[in-house]
Amino acid sequence: MTQRRPLIAGNWKMNCLRADGLALASSLAAKAKEKGALGCDVLVCPPATLLSDVVGVTHGSAVAVGGQDCHAAVSGAHTGDVAATMLADIGAQYVLVGHSERRADHGESSTDIRKKAIAAHDAGLIAVVCVGETEEERDLGATLAVVNGQVAVSLPEGATAKNTVVAYEPVWAIGTGRTASVAEVAEVHAAIRAELVKRFEDGNEFRILYGGSVKPSNAKELMAVEDVDGALVGGASLKVEDFWQIIESCA
Ligand SMILES: O=C(CO)COP(=O)(O)O
């Protein structure tokens, strides 16, 4: 069986002013240093305003830093946007693309997301490509068709297990306290794995994260599911003790 090193990623979303964000990142970096070898890779994705400083305070620790989005272009007249090259330039190693909140708030399509993933790869970043069905789509029995469709279009030809992570986040489980059941997660992750294996030579090596109300109390159970290779954590990543317990669930 392929051994995939888990990734525990914190998506801070639009939270944390400077003092709180830097305290959170510094505490995590200190805990990681104190612990030594961890059972997983660790990533935090702060808001753009804090990226550079968080890179600074986590430097030399096992905590990697990522952006929450990037533009598909390298530069140009795109007011308010950030290029993948800019993220790489300040020391970020990852970028989230296609989060359901971006798909919903900014009307991003899977085609847009593929372009962003290509920009991320060209900049030397690891793209964390997010997919997931809405509650309506699940109720219609369309979950696998929706998620497989998003995976097929959002992942570019040049995706590899080294430059791409897939994150499955059912929209109805995000920030709601409702977590998908182990059976629901297992079914979708197996379907994503099958898509990846069909399309990419190293499809078995891609990490597939689960996200949606992951917390210390359910992390161990979710991480034990076949083809769950880590978590993308929102709310619980803002509390150092909670996020740390989720990290430890990979030990
Ligand atoms: O959207 C998420 C992470 O990207 C999940 O958020 P919550 O963990 O707050 O449900």
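Here are some notes:
- Placing unit charges on each Cβ (+1 for Lys and Arg, -1 for Asp and Glu) gives the stretch 7-248 a dipole about its Cα centre, and among T58, V129, G107 the Cα reaching farthest toward its positive end belongs to T58.
- Separation of the E226 and R18 label points, Cα + 7 Å toward Cβ, nm: 5.1 nm
- Taking chymotrypsin sites (Phe, Trp or Tyr not before Pro) across the stretch 191-251, none is in a DSSP loop with at most 10 further Cβ atoms lying within 10 angstrom of its Cβ.
- Taking the C-alpha atoms of the stretch 121-212, convex hull volume expressed per residue in Å³: 91 Å³
- Exposed loop sites here are GluC sites (Glu not before Pro) assigned a DSSP state other than H, G, I, E or B and surrounded by at most 15 other beta carbons within 10 Å; excluding them, the longest clear run of the chain is 1-156.
- For the pair V197 and Q245, label points projected 7 Å from Cα toward Cβ lie 3.5 nm apart.
- Extended-chain gain in nm, criterion 0.36 nm per residue less alpha-carbon gap, T2 and T49: 13.1 nm
- Residues whose amide H lies under 5 Å from that of A64, counting only those 5 or more places away or on a different chain, are V42, L43, V44; hydrogens are built 1.01 Å from N in the peptide plane.
- Computed [θ] at 222 nm, deg cm²/dmol, the chain (DSSP H ≥ 4; -39,500 (n - 2.57); rounded to nearest 500): -12000 deg cm²/dmol
- Each Lys and Arg adds +1 at its Cβ and each Asp and Glu adds -1 at its Cβ; summed about the Cα centre, the stretch 105-166 shows a dipole of about 420 debye.
- Distance from the stretch 1-52 to the stretch 176-190 (C-alpha centre basis), Å: 24 Å
- Using a Gaussian network model of the chain in which every pair of alpha carbons under 10 angstrom is joined by a spring, one finds that among K33, K215, K115 the greatest mean-square fluctuation is at K33.
- Treating r as the C-beta distance of H106 and A152 and R0 as 25 Å, the FRET efficiency rounds to 0.75.
- Charged side chains reduced to their Cβ positions (Lys and Arg at +1, Asp and Glu at -1) give the stretch 53-177 a dipole of some 400 debye around its Cα centre.
- In the frame of its principal axes, the chain has Cα extents of 45, 45, 34 Å, reported largest first.
- Each Lys or Arg adds one and each Asp or Glu takes one away; over the other residues whose Cβ falls under 10 Å from the Cβ of H106, this sums to -3.
- Each of V82, V240, L144 was scored by the projection of its Cα onto the charge dipole of the chain, and the greatest displacement toward the positive side belongs to V240; charges sit on the C-beta of Lys, Arg, Asp and Glu.
- Restraint check, K162/K220; K33/K215; K31/K215; K115/K239; K33/K115, Cα-Cα greater than 27 Å: K115/K239; K33/K115
- Listed residue (T160, P170, G203) projecting farthest to the positive dipole end of the stretch 105-251, Cβ model: T160
- Estimated dipole of the chain in Debye, rounded to 20 [Cβ of Lys and Arg +1, of Asp and Glu -1, Cα centre]: 520 debye
Read-outs throughout are calculated quantities, based only on the coordinates presented, and are distinct from any laboratory measurement. All of these numbers come straight from a predicted model, not from anything done at the bench. Because the Cβ atoms are built from the backbone with ideal geometry, glycine has one as well, and the counts that use them run over all protein chains shown.
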